[in-house]
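Colleague: Pasting in a structure now, in structure tokens, and then I'll have a few things to ask.
The values are calculated or read from the model by the stated rules, or taken from the named source; none is laboratory data. Just so we're clear, the structure is a prediction, and the values are computed from it rather than from any experiment. Every residue, glycine among them, receives a Cβ derived from its backbone with ideal geometry; neighbour counts consider all protein chains shown. Calculation scope for accessible area: heavy atoms of the full protein, side chains included, ligands and nucleic acids excluded. Shrake-Rupley method; radii C 1.70, N 1.55, O 1.52, S 1.80 Å.
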Amino acid sequence: ERKFSMKQAAQMNIRDYMEIVLRRKWFIVLPFIIIVIGGIIYSYQRPRIYQASTLILIQQQKVPTAYVQPTVTSPIGERLHTISQQIMSRTRLEAIINELSLYQDLRGTLFMEEIVEEMRKDIELQVRGRDSFQLFYEGKNPRVVATVANKIASLFIEENLKVREELAEGTTEFLDRELSRVKKQLVNQETALRRYKEEHIGALPEQMDANLSSLNRLQLQYQAIAGSLENAKERKITLQRQISQISQISGLSSQAGEIGIETGGIGETDMTGSPELAQLKQILAGLQSRYTDKHPDVVRIKNRIKKMEAELVAGGDDEDIPDVSPSDPYGGFDFTETLKVQLLETDFEIKRLAGEQREITAKTAVYQRRVEEIPRREQELLSLKRDYSNTKANYQSLLDKKLNAQLAANMERMQKGERFKILDTARIPQKPFKPNRPRIILLSLLLGLGIGGGLAFGVEYMDHSFRDIDDLERFIGLPVLATIPKIITDDDARRGKIRKRIALASSFGVLALIIATAIVHYFVYRLDFLILK
């Protein structure tokens, strides 16, 4: 049994391949013709699909961004995806389908959801760089395709304006709410700060110098009052001593007058030897330390002293010396009552000074407590001021953003911001987008040749007959001594001529088929062009 091996295939030459092709020509020609005819029929039976496109330019805002910051800052790809999702919604597409009476051939076989899904498949969006994008729509009617493409492009423009305006207005509303909230918080913090200062007035950090000055002033006042108090106490002791001395002098003078004894040597005396005169001078010194020379008591004491000195100068002249009663050595002037009044006034003064001293002590304690509390108040006040400053800065920032958002919203309403502009409107397509008949025919030709050639070589591989002496010698491994030539009868010759004619006719038929296909395709293309035109 003969088998066709890979080694034998490697030893074959071009002539051998040509012999195989001629020998198995029908296995090549028939599949080729069938596949090519099938491809041609398929390409012309498929419905013609047209595609229309529109190019949309993304225009930047007309107002410089240094003056008005746009509220829409997302990349164009994200925005187009969002807008396309809104336009591709069932509500929008169903409205377009009903408005333009699309997909009439599918109305009776598919539900509206399925028809909408078919329309989604026919729409394509391609982003071209950062400044433009292109919309594509496919359909069977070229005029309808162009109309739908322009319709979808206008929807993109309207939706973009709507989205930008809604975003700008939404930003403004959000900032309004936030601004009101922060303003309320700012007012509450201002009230809390004011109440804190009112509650702790005098103990605030900025009042430290004033408190220290008040403390110094109170200390000086305390020292002055302490000195006045000491003087008052000493004056009280002096008055008490004077009252005691006058009482002693008056008592002794009374006793001496009763027994007729002179009192000149009793008590303290001055240079004249008169104790009464010395006592009067002491009283005068005490009065002058408190009153002026015009005070009535000072004037009376001075007059009394002059009178007594005049009496002492007169000496023993009884006629010129006035009578002085031992029981009233001061000539009718009650010094004891005067001194007691002065002593009472001194007591009142001591009490007043002591009260002022207590008040100053209390005030000093208050100011001292304020000074000690200032560090803690400073920390609390710093915390309040820090929160207030942060809230105020946040409020100012929100206010600036609100003003910018209002400008951006006005800019969007006036269409001065970024917007879409149709650069190339969709035109009626001149030729169908699908099917691509030249491509289908070319693929059918290649497929027919491939299948035919593969079928021919497959049949040759399964054929075990010997075709020449070399095949026989390779198979049996022995040399061939003689061969019997092929006996060709007249019938064989006639059949061979017929086969050759058929093969030649088949070749010409295939060539004619290819030429006819090209001619038909050309005329169909021209007919489509004329119809559309």
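Colleague: So for region 355-364 (the condition being of a type in the set (Asp, Glu), at pLDDT 60 or above and touching a helix residue (DSSP H, G or I) at 6+ places or on another chain (Cβ under 7 Å)), does at least one residue qualify?
Modeller: Applying the first criterion (of a type in the set (Asp, Glu)) to region 355-364 yields 356, 359.
With at pLDDT 60 or above added as a condition, the list becomes 356, 359.
Next cut, touching a helix residue (DSSP H, G or I) at 6+ places or on another chain (Cβ under 7 Å) only: 356.
Scanning region 355-364 turns up at least one residue that is of a type in the set (Asp, Glu), at pLDDT 60 or above and touching a helix residue (DSSP H, G or I) at 6+ places or on another chain (Cβ under 7 Å).
Colleague: Does residue 159 qualify as being assigned to a helix (DSSP H, G or I), crowded, with 17+ Cβ neighbours inside 10 Å and out of contact with any Gly (no Cβ under 9 Å at 6 or more places or on another chain)? Reasoning before the result, please.
Modeller: Numbers: assigned to a helix (DSSP H, G or I): yes; crowded, with 17+ Cβ neighbours inside 10 Å: yes; out of contact with any Gly (no Cβ under 9 Å at 6 or more places or on another chain): yes.
The answer is yes for residue 159.
Colleague: Only one of 286, 251 is at pLDDT 50 or above, more than 29 Å from residue 353 (Cα to Cα) and in a helix (DSSP H, G or I). Can you tell me which? Even if it seems obvious, please write down each step before you answer.
Modeller: Details: 286 fails: more than 29 Å from residue 353 (Cα to Cα).
The unique qualifying residue is 251.
Colleague: Test residue 206 against the stated conditions and say whether it is without any contact (Cβ under 8 Å) to a residue 40 or more places away in the chain, open to solvent by 80 Å² or more (accessible area, probe 1.4 Å), under 30 Å from residue 94 (Cβ atoms) and part of a helix (DSSP H, G or I).
Modeller: In short, no.
Colleague: Residue 195 passes all but one of (1) within 30 Å of residue 360 (Cα to Cα); (2) of a type in the set (Lys, Arg); (3) open to solvent by less than 20 Å² (accessible area, probe 1.4 Å); which number fails?
Modeller: (3)
Colleague: At least 2 residues that are at pLDDT 80 or above, aliphatic (A, V, I, L, M) and farther than 26 Å from residue 426 by Cα in each: list the helices (runs of 4 or more DSSP H) lying fully within region 1-66 that qualify.
Modeller: Working: elements: 6-11, 14-23, 25-45.
It comes to 25-45.
Residue by residue, here is whether (1) more than 27 Å from residue 48 (Cβ to Cβ); (2) surrounded by fewer than 12 Cβ atoms within 10 Å (Cβ to Cβ); (3) not hydrophobic (A, V, I, L, M, F, W, C) holds:
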residue: 96; (1), (2), (3): no, no, no
residue: 101; (1), (2), (3): no, yes, yes
residue: 105; (1), (2), (3): no, yes, yes
residue: 112; (1), (2), (3): no, no, no
residue: 121; (1), (2), (3): no, yes, yes
residue: 127; (1), (2), (3): yes, no, no
residue: 136; (1), (2), (3): no, no, no
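Colleague: Can you tell me which residue among 126, 134 is touching a residue at least 40 places away in the same chain (Cβ under 8 Å) and assigned to a strand (DSSP E or B)?
Modeller: Numbers: 126 fails: touching a residue at least 40 places away in the same chain (Cβ under 8 Å).
Of 126, 134, the one residue that is touching a residue at least 40 places away in the same chain (Cβ under 8 Å) and assigned to a strand (DSSP E or B) is 134.
Colleague: Continuing with the same structure: Out of the residues in region 182-196 that are free of Cβ contacts under 8 Å to residues at least 40 places away in the same chain and of a type outside the set (S, T, N, Q), state the one that is farthest from residue 370 (Cα to Cα).
Modeller: 184
Colleague: I would also like to ask the following. Considering only region 155-181, how many residues are in contact (Cβ under 8 Å) with a residue 40 or more places away in the chain and closer than 27 Å to residue 59 by Cβ?
Modeller: 15
Colleague: Search region 403-439 for residues being touching an Asp or Glu at 6+ places or on another chain (Cβ under 7 Å) and open to solvent by 70 Å² or more (accessible area, probe 1.4 Å), and hand back the single one that is modelled with the lowest pLDDT.
Modeller: 413
Colleague: Return the residues of region 96-132 that are of a type outside the set (Val, Ile, Thr), touching a helix residue (DSSP H, G or I) at 6+ places or on another chain (Cβ under 9 Å) and farther than 19 Å from residue 83 by Cα; say none if nothing qualifies.
Modeller: Passing the criteria: 99, 100, 101, 102, 103, 106, 107, 110, 112, 113, 114, 118.
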